[in-house]
Amino acid sequence: MQRKKAHIDARIKEADINKGIIVLLTGNGKGKSSSAFGMVCRALGHELQVAIVKFLKGTQDTGEDAFFAKQENIHTTSMQAGFTWDTQDKEFDKKMALETWQQAEQYLKDKAINLVVLDELTYMINYKYLDEQVILNTLNARPKNQHVVITGRTASEGLIRVADTVSKIADIKHAFRSNIRAQKGIDL
């Protein structure tokens with residue numbers, strides 16, 4: 001344990017860069033958005049300014065939405081199309097995605113916002129609702145100390161390259177496959 005402690009202490013000392021990072025949470029497992037919202041709680045605990053942009057689930061009532069609505073220092077924007085497979089109208093979904101992205105761009109330019117969560121953004125790239133290069137350019141041009149968390153399945157190679165930290169969450173077992181409904185406090 002002494003060697004381990006010495007190694008960890010040395011690595012911590014070497015980590016002397018202070019900048020905003022991009023965290024990408026991808027994979028088919030449950031918990032990507034939940035992890036991002038945990039980081040939101042951390043940021044709020046430090047009295048940082050937070051923006052959340054939800055590209056799916058925008059019409060779904062969730063516990064985190066109810067909680068965040070009561071918090072100061074938080075800005076939220078949701079794509080008002082719900083799940084893309086609910087509308088069955090690709091042009092409408094693209095229009096809603098673009099309107100939502102335009103608000104995200106404003107957050108990503110605002111030096112006063114410390115953390116921006118782009119929840120389920122990967123779908124918008126994979127479905128070709130948004131231009132990936134525009135997204136990458138915006139991420140690279142954001143304020144130096146602004147953090148970004150991006151969630152969603154099947155992250156593109158471009159997002160993986162631009163991210164500082166990438167976690168792939170695996171799906172090993174899920175209650176829904178046993179016909180258990182989404183549960184308040186866990187899924188909603």
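The values are calculated or read from the model by the stated rules, or taken from the named source; none is laboratory data. As the structure is a prediction and not an experimental result, all values here were calculated from the model. Neighbour counts are summed over all protein chains in view; Cβ atoms, including those assigned to glycine, are modelled from backbone coordinates with ideal geometry. To get the accessible areas, we keep the full protein, side chains included, count just its heavy atoms, and leave off ligands, DNA and RNA. Shrake-Rupley method; radii C 1.70, N 1.55, O 1.52, S 1.80 Å.
For segment 14-27, name all the residues that are open to solvent by 40 Å² or more (accessible area, probe 1.4 Å) and at pLDDT 95 or above. Show your work before the answer.
At the first step, the residues of segment 14-27 found to be open to solvent by 40 Å² or more (accessible area, probe 1.4 Å) are 14-19, 21.
The answer is Lys19, Ile21.
Would you mind stating whether Asp9 is at pLDDT below 95 and surrounded by 13 or more Cβ atoms within 10 Å (Cβ to Cβ)? Steps first, answer last, please.
Details: at pLDDT below 95: yes; surrounded by 13 or more Cβ atoms within 10 Å (Cβ to Cβ): no.
In short, no.
Looking only at residues in segment 137-154 that are without any contact (Cβ under 8 Å) to a residue 40 or more places away in the chain and either within 22 Å of Phe37 (Cα to Cα) or not aliphatic (A, V, I, L, M) (or both), which one is surrounded by the fewest Cβ atoms within 10 Å (Cβ to Cβ)? Lay out the reasoning, then the answer.
So the first thing to find is which residues in segment 137-154 are without any contact (Cβ under 8 Å) to a residue 40 or more places away in the chain, and the list is 137-138, 140-141.
Still in the running and either within 22 Å of Phe37 (Cα to Cα) or not aliphatic (A, V, I, L, M) (or both): 137-138, 140.
Numbers: Asn137: 11, Thr138: 15, Asn140: 9.
Applying the filter and picking the extreme gives Asn140.
Taking into account only those residues within segment 1-36 that are under 25 Å from Asn145 (Cβ atoms) and charged (D, E, K, R), which is nearest to the chain's Cα centre (by Cα)?
Filtering first and then ranking leaves Lys32.
If the requirement is being modelled with pLDDT under 95, farther than 19 Å from Ile150 by Cβ and basic (Lys, Arg), which of these qualifies: Lys94, Lys111?
Numbers: Lys111 fails: modelled with pLDDT under 95.
Only one candidate passes the filter, namely Lys94.
So, of the residues in segment 155-188 that are open to solvent by 50 Å² or more (accessible area, probe 1.4 Å) and β-branched (Val, Ile, Thr), which turns out to be nearest to Leu139 (Cα to Cα)?
Ile160
Evaluate segment 60-71: report whether one residue or more is under 27 Å from Ile160 (Cβ atoms), touching an Asp or Glu at 6+ places or on another chain (Cβ under 9 Å) and not small (Gly, Ala, Ser). Give the derivation first.
In the first step, residues of segment 60-71 are kept if they are under 27 Å from Ile160 (Cβ atoms); the result is 64.
If we keep only those that are touching an Asp or Glu at 6+ places or on another chain (Cβ under 9 Å) as well, we get none.
The answer is no, given that none of the residues of segment 60-71 is under 27 Å from Ile160 (Cβ atoms), touching an Asp or Glu at 6+ places or on another chain (Cβ under 9 Å) and not small (Gly, Ala, Ser).
What strands (runs of 3 or more DSSP E) lie completely within segment 115-173 and have 2 or more residues being closer than 16 Å to Glu99 by Cα?
Values: elements: 115-119, 147-151, 165-168.
Filter on segment 115-173 gives 115-119.
Of the conditions (1) of a type in the set (Asp, Glu); (2) open to solvent by 70 Å² or more (accessible area, probe 1.4 Å); (3) not in a loop (DSSP other than H, G, I, E, B), Asp65 clears all except one; give me its number.
Checking Asp65 against (1) of a type in the set (Asp, Glu); (2) open to solvent by 70 Å² or more (accessible area, probe 1.4 Å); (3) not in a loop (DSSP other than H, G, I, E, B), the one that fails is (2).
Scan segment 79-89 and give yes if some residue there is under 20 Å from Ser33 (Cα atoms) and touching a strand residue (DSSP E or B) at 6+ places or on another chain (Cβ under 7 Å), otherwise no.
yes
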